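Laboratory data are not the source of any read-out in this text; all were calculated from the coordinates shown. This structure is a prediction, so every number in the text was calculated from the model and none was measured. Cβ sites come from the backbone with ideal geometry, for glycine too, and all protein chains shown count toward neighbours.
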């Protein structure tokens, strides 16, 4: 019994004591979230104030940060629901797929400001007696910055579900809900979470635009972190700007620790792998949750609900077996409703196109010339942005990927920098440009770069991590020079990943042009020639036909560039897959 | 004959976490002479490839040193070249370009590069395939490219890391004989060091066989192989040599210790659980049953198409559980083993439970779970216990075996999400 006495020295009581503290902490957390949301909802519904006064005090900043966080979370919830429905519809219905996929392509290339006037005017008209309209408009604009890549990611992973899984489903006669719950949801959850993280960052990017904007001669301003930053920038108050930046970082870190990391750790179990070799990711918050009784409580409720609903399904099926009309009912759900929805969409597109054509019909030819000239300026800027972004991220990313220790240390820093909305730093950068006499025509490239270089960096690191170690050893054994190793091995091995990075970065750069080519600073508006500036000006001046035409041209350029350049480059890059 | 490479008292350890490290190789000493083929024989995971990388100069030993022609190897040795287990060919270069890539750092004239490339493609039988890309070639052909690339730089010492283990068995036979032809006919490579787990391959190729084993891996013995070349896999002398090595491996890994010492050992020591799942152990017993309750361990490995190292691990586990005895290299049922295999699943589980609870480590950990206040222990606690009592072993591996054995016995359950080990 000598051995056992060693054991009794370990105090296992500590482990469970933690759970009481954890329970209390979660209760507090839940209550505070509830309070913030009700308070936010109350503020939004209780009064009308289209141009809120922003105070630069720290107490207000804390309040504004919570408002912005609430908006972003509501927008994210909308994005999530939209993603599930849109993605699932495309996956299940062939006609829907051929119609909805190109629509998504176009929607994704329309910048936030393209939706602005229509959304704002419509919603304000709907809720004339409260701030709900304006709040909703702001939320929907944040939503447009979040949602598209989530849909693409979700649909993409749905398509990769192994055929065997579908065969299992039909073999055991799973109904659509069981199939969704046991096959489709678990296989897509991992990518859904990663895309959600990207989307949140995308939503923050346009926060300043979404909370403060001008339409014609009317100014709109909501209380929030974005508008706080705008006001601070306009006043040239650098201390306030620094506080705003810190608040943003705090929000990003908190979301990462309390939502994303626990979700990633939780989703590990859904990976389609049958070995347990790699060490799963851990999250301290998830461990705490598991220790507390809250998760167990929630789990029990969930189990009860599902057993009830499963029973209902069984009952339904029993009834249906007796009832012949079931077939007709199913037919109605499978055939008629989707077709109805699709026809409505087609009708809406035709109607919208007709309206747009009516609008842009009277645009004079010299305005068209300006539009196309601005468009090519921005195109050149986007390409230079990608070039500069690649020049530093490729060597740096490869270096990080090949030294896992270093990348582990730097990962959190890179992740925060990547999620931080670059436009919040623009006023400071513009100040530097002002001192150094840098023209915004070139300066905007740097602004666009700040927002998009991360996509390239992340992909390069992922590519470098994937190079088989034998190939790295081979390069060393044969004493290949550094340049030879870089050009013959590393660069080509990361190329498929690099192209993915380029595609995402280019999309981001086009979108960023509306805030990079047109900047408010110290009550001045600085603008340069470019389609982004044109769109921003047109939206501010409420010149709807010009706005429509500019957005159309930009969207077409992006889509065409995708189809002609990126798609072919992507195909080419697939030859360089190492595994 | 001159010594070309001298491995002197080399050890290597890797850190498991910030606190602990695991020694993989210990006190390895041997020489490679000129005009000699040397093999390193050992089960997978024994650190053979690590040894190769230290000789090459990519990896520094934790202690000890490697000398090449009397000089300390402290950077990548330009006189050696390597053939890889997974070929390490670049998929975007064709055969010729893959070979030329290795020649680039040598600063040769264009004519010389061309000359060497043609020469090595010829001797490795790749003529006509210069333009082909690796993915168009079979495994055997891909490894020819690997060999050609290694030979192109004209190395004095050729290192080969399980070169034929991912190649079809028949193709591997012809590649081996071609390799020996090349070595006999040409000046370079003067010597070859080959890492392998295939006994026949090792006997066919080498003049000297270094047998590794134990934990941490040490040299068990060094065997001189003086069989005349060309060697014939089916000659009596060849088969005797293979048998001889079989005996050495079983003597070191499955020693025939008298019963009293065996039981005494059980009282005082925690025994490391060999990495074998209940499924594998029962499978081995079933195999034995269908072969008359008695078989040669290496024959079993061939029949089941498994690496002998794996079969030895499974046999060790079965022996630890008192299901079999291993007089020399054969496996025979014990009465318990016989009873186990003749029982139905419920009885099997009962016997299994009784046998594993006879093991000190299992019993100790099981009692610990039972006595814990909440009726469960965290994985981490058990890992700590394992590494305290068995510092030489990888605790994760022992834990995995512990869980699979106790699960099969229906005494413990493990939830990988919460990492809790509970009573069943």
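Some values worked out for this structure:
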item: Stretch gain in nm, segment residue A:36-residue A:542, where the contour uses 0.36 nm per residue and the Cα spacing is subtracted; result: 178.7 nm
item: Ranked list, fewest to most other Cβ atoms within 10 Å of each Cβ, for A:472, B:222; result: B:222, A:472
item: P(r) weight above 12 Å for region A:437-494, C-alpha pairs, percent; result: 73 percent
item: Spatial separation of Cα centroids for region A:474-513 and region B:287-308, in angstrom; result: 50 Å
item: Neighbour-count order for A:359, A:248, fewest beta carbons within 10 angstrom listed first; result: A:359, A:248
item: With eigenvalues of the C-alpha gyration tensor scaled by 5 and rooted, region A:464-579, Å; result: 43, 17, 9
item: Mean Cβ neighbour count within 10 Å, used as a protection proxy, ranking B:165-172, A:448-455, B:107-114, A:379-386 highest first; result: A:448-455, A:379-386, B:165-172, B:107-114
item: Within 10 Å of each Cβ in A:483-495, the average number of Cβ atoms from other chains; result: 2
item: Degrees, to the nearest 10: B:259-268 long Cα axis against longest axis of chain B; result: 80 degrees
item: The protein assembly as shown: C-alpha gyration tensor shape, a/c 1.5 cut-off, then a/b vs b/c; result: prolate
item: Peptide B:82-94 - average C-beta neighbours from other chains (10 Å radius); result: 5
item: Degrees between helix B:278-290 axis and first principal axis of chain B (Cα, 0 to 90, nearest 10); result: 90 degrees
item: Length-normalised contact order of region A:399-493 in % [C-alpha pairs under 8 Å, at least 6 apart]; result: 36 percent
item: Relative contact order of region A:85-211, pairs being alpha-carbon contacts under 8 Å that are 6 or more residues apart, as %; result: 31 percent
item: Neighbour-count ranking [beta-carbon atoms within 10 angstrom, fewest first] of A:413, B:311; result: A:413, B:311
item: Listed peptides B:60-67, A:458-465 by packing density, highest first (mean Cβ within 10 Å); result: A:458-465, B:60-67
item: Antiparallel DSSP beta bridges within the protein assembly as shown, percent to nearest 5; result: 70 percent
item: Diffusion coefficient, µm² s⁻¹, Stokes-Einstein with Kirkwood Rh over alpha-carbon pairs of region A:49-153 at 25 °C and 0.890 mPa s; result: 158 µm²/s
item: For region B:98-187: relative contact order, % (alpha-carbon pairs under 8 angstrom, 6 or more apart); result: 33 percent
item: Distance between region B:164-179 and region B:229-248 - C-alpha centres, whole angstrom; result: 18 Å
item: Using alpha-carbon coordinates, inclination of helix B:139-152 to the longest axis of chain B, degrees; result: 50 degrees
item: Pairwise centroid distance, computed over Cα atoms, of region A:427-466 with region A:121-151, Å; result: 29 Å
